[in-house]
Amino acid sequence: MALPARQQVTYWSVAALVLVLSLWWLGNVILPFIMGGAIAYFLDPLADRLEKLGLSRAASTAIIGLVTVLIFVVLALAVVPMLARQLGQLVALAPDLLASLQAFLNERFPNLLQNSVVNDTLNTLGTAIKARGGELAATLLSSAMTLVNVIIFIVVVPVVAFYMLLDWDRMVAKVDGWLPRDHVHTIRTIARDIDRVLSGFVRGQVTVCLVLGGFYAIALMAAGLDFGLLVGSVAGALTFIPYIGAIIGSALAIGLALFQFWGEWFNIGIVAGIFVLGQFLEGNFVTPKLVGDSVGLHPLWLIFALSAFGTLFGFVGMLVAVPVAAVIGVVARFFIDQYLQGALYRGQTEREPTAHSPISLINEETGEVTGATETTEHES
């Protein structure tokens, strides 16, 4: 006998409340498990492909683990120190950039700076950066190292990711066995929609970020921009939020190019052309290939989720913001569909199915809903 709807709502509400309180209270304690789970989810399709080639799950996981560790070591030894050095140089150069901007505005638009808020703002900003620029860079680096502890990255997260990737299919099957039998098909359908959204957005968009970040960094460094690696990395990382990465990256790159190549318009045009080419490749080849069609995560909804969860739960909240946003979006669309098919929206009471009336059937294997026609006893 199925539980009344009110009791079911109560149980699911309690489960959601427990999840929120766990994020609130445990915080950094569950951080390595969340990060390890995210890495395992990201790499699970690759492990499945290796299994199809004839390797065991353990061998597939070991190969993926070794390659991942190798990539991490290369990045830690080659890329991260260069990024830190360029960040420090950019902070040290910031007062000169502001002074050049002020001189340019004073020469071309003298009335703009005379007794104006713009002049006072530039002076104040330049003084603040000059006085506290080094401290700001050191604070950013030390905060990052404190936020994501070195020990967690080097020891705990890889271990958690390895074992979760090794047992991923068994864990999914175990959780599937815990689902309430009255709603198993509905939950499976919703879970497949959530997986489609996450796999399409997170896996695809992270790959897009890496591809575009590498393209921008290499192209800007080849163009001779002094901080090409830093600008390309920033633009690639912010590509996770649609349009934001291109806008901020191009503004930063063109601004630095104007300071470095003033008067050399061909070089400045090359820097601008790199971002134009990057946007063309992203919109026509990279994103359609890796992400595919729209996955239902609107940029405004994504920005709101990152801001809200980051404010409430800190770094852990930002890690779970996208998955939770995807879950909320899928569940909201499910209930909207139920509402549009119900009597409250249609304005009429539900009627019993009559001869040749369509009814819904659920495939036991896939959980998909298919249409069928009911035959009454009079026709049999």
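The values are calculated or read from the model by the stated rules, or taken from the named source; none is laboratory data. Predicted model only: the values in this text are computed from it and were never measured. Virtual Cβ from ideal backbone geometry, glycine too; neighbours counted across all protein chains shown. Note: accessible area is taken over every heavy atom of the protein model, side chains too, but ligands, DNA and RNA are not part of it. Shrake-Rupley method; radii C 1.70, N 1.55, O 1.52, S 1.80 Å.
Do you know which residues across the range 156-191 are basic (Lys, Arg) and at pLDDT 90 or above?
Of all residues in the range 156-191, those basic (Lys, Arg) come to 170, 174, 181, 188.
Answer for the range 156-191, where residues must be basic (Lys, Arg) and at pLDDT 90 or above: Arg170, Lys174, Arg188.
Here is a yes/no grid of residues against (1) touching a residue at least 40 places away in the same chain (Cβ under 8 Å); (2) on the phi < 0 side of the Ramachandran plot; (3) assigned to a helix (DSSP H, G or I); (4) open to solvent by less than 30 Å² (accessible area, probe 1.4 Å):
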position: Leu212; (1), (2), (3), (4): yes, yes, yes, yes
position: Val234; (1), (2), (3), (4): no, yes, yes, no
position: Ile248; (1), (2), (3), (4): no, yes, yes, no
position: Ile254; (1), (2), (3), (4): no, yes, yes, no
position: Val271; (1), (2), (3), (4): yes, yes, yes, yes
position: Val276; (1), (2), (3), (4): no, yes, yes, no
position: Leu281; (1), (2), (3), (4): yes, yes, yes, no
position: Phe285; (1), (2), (3), (4): no, yes, yes, no
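Go through Gly329, Gly314 for me and flag whichever is on the phi > 0 side of the Ramachandran plot and within 16 Å of the chain's Cα centre (by Cα).
Numbers: Gly329 fails: on the phi > 0 side of the Ramachandran plot.
After applying the criteria, what remains is Gly314.
Taking the range 307-351 as the region of interest, how many residues are open to solvent by 40 Å² or more (accessible area, probe 1.4 Å) and touching a His at 6+ places or on another chain (Cβ under 9 Å)?
Number of matching residues: 0.
Would you mind telling me which numbered condition in (1) in contact with a Phe, Trp or Tyr (Cβ under 9 Å, 6 or more places away or on another chain); (2) open to solvent by less than 50 Å² (accessible area, probe 1.4 Å) Pro158 fails?
Status for Pro158: all satisfied but (2).
Filter the range 179-210 down to residues that are over 14 Å from the mean Cα position of the chain (by Cα) and more than 22 Å from Ile328 (Cβ to Cβ) and give me whichever is least open to solvent (accessible area, probe 1.4 Å).
Once the filter is applied, the top-ranked residue is Asp182.
Quick one: Asp226 ticks every box in (1) charged (D, E, K, R); (2) surrounded by 14 or more Cβ atoms within 10 Å (Cβ to Cβ); (3) at pLDDT 85 or above; (4) in a helix (DSSP H, G or I) except a single one, so which number is it?
Looking at each condition in turn, Asp226 falls short on (4).
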